[in-house]
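The values are calculated or read from the model by the stated rules, or taken from the named source; none is laboratory data. None of the values given here were measured: they were computed from a predicted structure. Heads up, the Cβs are rebuilt from the backbone with ideal geometry, glycines too, and the neighbour counts pull from every protein chain shown.
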């Protein structure tokens, strides 16, 4: 894979696609992990005296109200981390933006507004609009992709631009791929949660041959339980996956909850009422999962055991993270909610991936198109 060290950068205008899709509350960045993760690449580019044009999305933009999802708070956070002035463009096209780009001096940094503002109303960014891709590419001379968490998205800013400029990946993408390659073939135990089984079935199937056990939590456990004809009340069941889940259970590697927490408290599996919803794993399941996880050499976590944002349903996630603090295991947390929860419970994993969906798709064996194009040599 071509990295930024393999490409001539000196004094160039470099478009750097980062992933600053971070939590913002009251106009302030709550979790700056993804911003910090981009600093190594930014500092390397500054050493090469480049003019940096930063691009990122922030959330989904489907309605006019979503146009309030501005990256301005990220600009302020980045200025503090770099101790350097960051220029900002509220425009994503047009003369005002072009003048800002043309006036950049060596080592200047310009952050563009949320790229997904171009999704309202015509989804130009997310549909990788050709004209938009060409236009954005015209602003720079080199394109660097360092947004690993978005590297499974074929959008104009992650994929389209690279068709029109010399391109390479940044240090974060390189590090993520190296770390994920390490764990792909090693013996491992998976701890998977979240709302939908659909998001995890592919990675379970792909990693099952090298997985000792796969522990299931979250609402996704309902589909697995239902495949065994167990009543799960009102909890979402993905009927199209019942046969798939049933097959996976026959491998004897899938470990399912033996009790859960609903709105009415702890319920043993088999005793959930039809009007109840599963929100967390129960105390007996927590105890069982701790025994399975005890001093396993490699544990990979994605998703949470329950609705951890609610103190009534956080116990499963909280207890297991606290337990893992005491073990000697190598623990890899794959972004998203698991990353946010690990921070909430002061758990420091051996490696924290910035990508949730991207990490899962990579481990699933899927081709990530924005990364695939980085393998191709630029044709002048």
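Of the residues screened, residue 309 is not one that is exposed (fewer than 15 other Cβ atoms within 10 Å of the Cβ), assigned by TED's automatic domain parsing to the domain that holds residue 195 and farther than 26 Å from residue 359 by Cβ. A single member of 304, 367, 317 is in a loop (DSSP other than H, G, I, E, B), at pLDDT 95 or above and at negative phi, and it is 304. Just one of the listed residues (69, 102) is in the same structural domain as residue 154 (by TED's automatic domain parsing) and surrounded by 14 or more Cβ atoms within 10 Å (Cβ to Cβ), and it is 69. Could you tell me whether any residue of the stretch 330-342 is on the phi > 0 side of the Ramachandran plot, assigned to a loop (DSSP other than H, G, I, E, B) and buried (at least 19 other Cβ atoms within 10 Å of the Cβ)? Among the residues of the stretch 330-342, at least one is on the phi > 0 side of the Ramachandran plot, assigned to a loop (DSSP other than H, G, I, E, B) and buried (at least 19 other Cβ atoms within 10 Å of the Cβ), which makes the answer yes.
For the stretch 118-138, the candidate set comprises residues that are surrounded by fewer than 22 Cβ atoms within 10 Å (Cβ to Cβ), touching a residue at least 40 places away in the same chain (Cβ under 8 Å) and in contact with a helix residue (DSSP H, G or I) (Cβ under 8 Å, 6 or more places away or on another chain); within that set, the residue that is nearest to residue 89 (Cα to Cα) is 137. Out of all the residues in the stretch 98-112, is one or more touching a residue at least 40 places away in the same chain (Cβ under 8 Å), more than 24 Å from residue 33 (Cα to Cα) and assigned to a helix (DSSP H, G or I)? Among the residues of the stretch 98-112, at least one is touching a residue at least 40 places away in the same chain (Cβ under 8 Å), more than 24 Å from residue 33 (Cα to Cα) and assigned to a helix (DSSP H, G or I), which makes the answer yes.
Look at (1) touching a residue at least 12 places away in the same chain (Cβ under 8 Å); (2) surrounded by 15 or more Cβ atoms within 10 Å (Cβ to Cβ); (3) on the phi < 0 side of the Ramachandran plot and you find that residue 194 fails only one, number (3). Could you please let me know if residue 51 is in contact with a strand residue (DSSP E or B) (Cβ under 8 Å, 6 or more places away or on another chain) and either buried (at least 20 other Cβ atoms within 10 Å of the Cβ) or outside the structural domain of residue 144 (by TED's automatic domain parsing) (or both)? Yes. Looking at the stretch 267-294 only, could you name the residues that are in a loop (DSSP other than H, G, I, E, B) and in contact with a strand residue (DSSP E or B) (Cβ under 7 Å, 6 or more places away or on another chain)? Within the stretch 267-294, 269, 272, 276, 277, 278, 279, 282 meet the criteria. Screening the candidates 9, 16 for the property of being touching a helix residue (DSSP H, G or I) at 6+ places or on another chain (Cβ under 8 Å) and assigned to a strand (DSSP E or B) yields one hit, 16. Assessment of the stretch 20-42 against the conditions (crowded, with 16+ Cβ neighbours inside 10 Å and more than 18 Å from residue 81 (Cβ to Cβ)) yields no matching residue.
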